Amino acid sequence: MAFTLPTLGYGYDALSRSISQDIMQLHHSKHHQAYVDKLNTALEGNGRADDSLTDLLGKLEDLPEDIRTAVRNNGGGHYNHSLFWQWMSPSGGGEPTGDLSAALGEKYGDFQSFVDEFSAQATGLFGSGWVWLQPDLSLLALPNQDNPLMQGLDAPLLGLDVWEHAYYLDYKNVRADYIKAWWDVVDWQAVAERYQHAS
Ligand code: MN3
């Protein structure tokens, strides 16, 4: 069965205090759609079209060499963006509560120190990529559309897209301003649910 573009749980203009309608629309309907289309094209006729996305990404080495890079880039793109949309909400921002809050405090000292460390990794990531928060609350900065599944690690709790297409229209080259604004739409409830599920 072919992969499809997921519907957003909010309108393209719903996160505009941090990310404009123009970026959301382009990012979802053009960039994400392109990853989906190219993933489907790569898998066509390879007998792998029924594999789940997590199976494909966790075992890239099992794929025929001629489609491995396409699945890595476009399957990664589809997986990463499908989660990215769920990690943001018009009612997002603030701080996590409960177990996740306590665990972040234990690991980083306090919530702001976690934000600072994550933001520093996101700002410092050279070129295009993502920064990931893992269930053990470690951080991972990976290039392109690579994600923790490709490293044999657990699914991430949270991730931030720092490709220029994610911010350039709003923030030009100032990635740090985008990162700062992004915290204001992070859906901590969604992240906390992933944390509970992973624990
Ligand atoms: Mn993107």
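Figures for the structure shown
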{"item": "Selection status of GLY77, under 18 Å from the mean Cα position of the chain (by Cα) and more than 30 Å from ARG17 (Cβ to Cβ)", "result": "no"}
{"item": "Criterion violated by GLU164 - all others in (1) touching a strand residue (DSSP E or B) at 6+ places or on another chain (Cβ under 7 Å); (2) free of Cβ contacts under 8 Å to residues at least 40 places away in the same chain satisfied", "result": "(1)"}
{"item": "Residue ranges of strands (runs of 3 or more DSSP E) in the stretch 127-184 with at least 2 members under 21 Å from LEU26 (Cα atoms)", "result": "129-133, 158-161"}
{"item": "VAL131 open to solvent by less than 60 Å² (accessible area, probe 1.4 Å), touching a helix residue (DSSP H, G or I) at 6+ places or on another chain (Cβ under 6 Å), touching a residue at least 12 places away in the same chain (Cβ under 8 Å) and within 12 Å of the ligand (Cβ to nearest atom)", "result": "no"}
{"item": "Scan of the stretch 2-26 for residues that are open to solvent by less than 60 Å² (accessible area, probe 1.4 Å), in contact (Cβ under 8 Å) with a residue 12 or more places away in the chain and in a loop (DSSP other than H, G, I, E, B), ordered by number", "result": "PHE3, LEU5, PRO6, LEU8, TYR10, ALA14, LEU15, SER18, ILE19, SER20"}
{"item": "Matching residues, the stretch 138-158, being crowded, with 16+ Cβ neighbours inside 10 Å and more than 22 Å from ASN73 (Cβ to Cβ)", "result": "LEU139, LEU157"}
{"item": "Given (1) modelled with pLDDT of 95 or more; (2) surrounded by fewer than 21 Cβ atoms within 10 Å (Cβ to Cβ), number of the condition LEU39 does not satisfy", "result": "(2)"}
{"item": "Among residues of the stretch 140-153, those that are over 14 Å from the mean Cα position of the chain (by Cα) and free of Cβ contacts under 8 Å to residues at least 60 places away in the same chain, counted", "result": "2"}
{"item": "Extreme residue, farthest from the ligand (Cβ to nearest atom), among residues of the stretch 44-64 that are aliphatic (A, V, I, L, M) and touching a residue at least 40 places away in the same chain (Cβ under 8 Å)", "result": "ALA49"}
{"item": "Residue match in the stretch 71-84 (condition: modelled with pLDDT under 95 and away from the ligand (no atom under 16 Å from the Cβ))", "result": "no"}
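Each row is one residue, and each column tells you yes or no for (1) modelled with pLDDT of 95 or more; (2) within 16 Å of the ligand (Cβ to nearest atom); (3) on the phi > 0 side of the Ramachandran plot.
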| position | (1), (2), (3) |
| --- | --- |
| GLY94 | yes, no, yes |
| SER101 | yes, no, no |
| PHE118 | yes, no, no |
| GLY124 | yes, no, no |
| ASP146 | yes, yes, no |
| MET150 | yes, no, no |
| PRO156 | yes, yes, no |
| GLY159 | yes, yes, no |
| ARG194 | yes, no, no |
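Residue-wise test of (1) surrounded by 19 or more Cβ atoms within 10 Å (Cβ to Cβ); (2) in the same structural domain as ALA190 (by TED's automatic domain parsing).
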{"site": "GLY77", "(1), (2)": "yes, no"}
{"site": "PRO135", "(1), (2)": "no, yes"}
{"site": "LEU160", "(1), (2)": "yes, yes"}
{"site": "TYR167", "(1), (2)": "yes, yes"}
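The values are calculated or read from the model by the stated rules, or taken from the named source; none is laboratory data. Everything numeric here is computed off the predicted structure, so don't read it as measured data. Because the Cβ atoms are built from the backbone with ideal geometry, glycine has one as well, and the counts that use them run over all protein chains shown. What goes into the accessible areas is simple: the full protein's heavy atoms, side chains included, and nothing from ligands, DNA or RNA. Shrake-Rupley method; radii C 1.70, N 1.55, O 1.52, S 1.80 Å.
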